[in-house]
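First the structure, in the form of structure tokens, and then the observations on it.
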Amino acid sequence: MRLKVALMTIFQVPNYGSVLQTFATQALLAKLGYDCTIINYRYPNEWHYNNGFRRPSFLRSIIKKIANLTGIHRQILENKLVNFRRSRLNLSRPYHDLDSLRKDDWSEYSAIISGSDQLWNPIYLKGDSAFMLSFSNRIPKLAIASSFAVKEIPAHLIEKYKRYLSQFSAISVREQNGAEIITNTLSLDTTPKVILDPTLLLSGDEWINELNISSKPPKERYILMYILSYAFNPYPDAIEIAARLKDQYNCTRIITFSNSNSPEVTELGAESLYGCSIDEFLYYIRHAEVVLTSSFHGTAYAANFGRPLISLTPSNGDDRQITLLRSLAIEKCSVTVGTKNPVLDPEYDVVNEQTKLSEIRRKDLQWINDNLQTITSKK
């Protein structure tokens, strides 16, 4: 009989990476022999709004639609992500706040898992203890590639983080800064392990099979831009680098997943595929001549498929991308935003990179399996 585990993660934001890392975690837990239920916790909820999260404004949304900053393509994207969640994720009943989580009985689960994504980011999560699994003290807890995505956490949240994260049997994070926060700032009596994001714990071939991604190459060569700007401003660097890559790779076509008002569309004439499906998203990364991205998951998928890559990284202490690139010995594929006339070297030894990735993946899956077996055997 397969043991049941519950997974707390972020999967409701309109973002490919959040949905895909949730699916990947569910898939890898199934691969290890566990039945995984994803806790359907509403984020953001009233607690977040009362603690500094910007509340949505009906008037602001109308103004944006009139200004064509959002519209039909965003709705198409959200609808496709909703359909993917409903069809591919094993969700629990809805929980609208922390109190509803606390009132439930979690005894059917052998472990509760936190991860992956930016669950412990104090900027966006505001120190929500639900993502630190504060709602249950009776079930063993494990963190799989949970992320702070900051260099330090605010002083007023340190004791809260320390209180709840000290209850974990084992903790893994997906960036070096996260490990240092656990060890130095929180002084927890555990040795955190830096592991791959779950999207990398499935191989490129496994993704192709899981989502039936077409192997048929596109008719035209193209540069792929996946630029997110919620965490830091990647412009104008992204535009300047894309123009250089266009000449370097002799590509006339640039594809972007940004909306029609993005700088790459208006300034570079890029073709917007904003609102494409998840399998199309991965298809275009897999077949790109070169990937230019400011996204962690854009970086992860380019590396997983062995594509030439320029990862545009922030200067704000978020080291998720550079931690990954260093582990694969391809940090030369990164450019820190604000760098003047950066060297662009997207190519690398794919065989060596894939060998390193496979070995790290094997070790990280072993770490997860060993810790799950240890904590579930004690329940």
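The values are calculated or read from the model by the stated rules, or taken from the named source; none is laboratory data. Note that the structure is a prediction, hence the values are computed from the model and not measured. Cβ atoms come from the backbone with ideal geometry, glycine included; neighbour counts cover every protein chain shown. Note: accessible area is taken over every heavy atom of the protein model, side chains too, but ligands, DNA and RNA are not part of it. Shrake-Rupley method; radii C 1.70, N 1.55, O 1.52, S 1.80 Å.
Things to note:
- Residue pairs whose Cβ atoms lie under 6 Å apart, sitting 6 or more positions apart in sequence or on different chains, and linking a residue in region 45-63 that is over 18 Å from LEU119 (Cα atoms) to a partner that is modelled with pLDDT of 90 or more and open to solvent by less than 100 Å² (accessible area, probe 1.4 Å), are ARG55/TYR49.
- Residue count for region 110-150 under the criterion of being in contact with a strand residue (DSSP E or B) (Cβ under 9 Å, 6 or more places away or on another chain), open to solvent by less than 10 Å² (accessible area, probe 1.4 Å) and among the polar types (S, T, N, Q): the result is 5.
- All positions within region 271-327 that are in a helix (DSSP H, G or I), more than 28 Å from LYS219 (Cα to Cα) and either polar (S, T, N, Q) or without any contact (Cβ under 8 Å) to a residue 24 or more places away in the chain (or both): GLN321, ILE322, THR323, ARG326, SER327
- Residue count for region 54-100, restricted to those that are among the small types (Gly, Ala, Ser), surrounded by 13 or more Cβ atoms within 10 Å (Cβ to Cβ) and at pLDDT 85 or above: 2
- One residue from ILE181, ILE153, ILE158, ILE139 being within 25 Å of TRP106 (Cβ to Cβ) and among the β-branched types (Val, Ile, Thr): ILE139
- Candidates CYS333, CYS276 - the one that is hydrophobic (A, V, I, L, M, F, W, C) and at pLDDT below 95: CYS276
- Within the option set TYR301, TYR235, being in contact with a helix residue (DSSP H, G or I) (Cβ under 8 Å, 6 or more places away or on another chain), farther than 24 Å from THR199 by Cβ and of a type outside the set (Lys, Arg) holds for one residue only, TYR235.
- Of the set (1) modelled with pLDDT under 95; (2) hydrophobic (A, V, I, L, M, F, W, C); (3) out of contact with any helix residue (DSSP H, G or I) (no Cβ under 9 Å at 6 or more places or on another chain), all apply to VAL265 but (1).
- Long-range neighbours under 6 Å by Cβ, at least six apart or interchain, first residue under 21 Å from SER294 (Cβ atoms) within region 336-354, second β-branched (Val, Ile, Thr) and part of a loop (DSSP other than H, G, I, E, B): TYR348/ILE330; GLU353/ILE330
- For ARG320, the test of being among the charged types (D, E, K, R) and crowded, with 24+ Cβ neighbours inside 10 Å is passed.
- Residue count for region 231-246 under the criterion of being touching a strand residue (DSSP E or B) at 6+ places or on another chain (Cβ under 8 Å) and at pLDDT below 95: the result is 0.
- Restricting region 238-297 to residues that are over 30 Å from GLU206 (Cβ atoms) and among the acidic types (Asp, Glu), the residue that is surrounded by the most Cβ atoms within 10 Å (Cβ to Cβ): GLU264
- No other residue among ILE181, ILE195, ILE153, ILE227 is out of contact with any Ser or Thr (no Cβ under 8 Å at 6 or more places or on another chain), surrounded by 18 or more Cβ atoms within 10 Å (Cβ to Cβ) and at pLDDT 95 or above apart from ILE181.
- Here the condition is being over 21 Å from the mean Cα position of the chain (by Cα) and either under 30 Å from ARG138 (Cβ atoms) or part of a helix (DSSP H, G or I) (or both); of LYS332, LYS340, LYS356, LYS363, it holds for LYS332 alone.
- A count restricted to region 14-43 and to residues that are in a loop (DSSP other than H, G, I, E, B) and either in contact with a Leu (Cβ under 9 Å, 6 or more places away or on another chain) or hydroxyl-bearing (Ser, Thr, Tyr) (or both) stands at 5.
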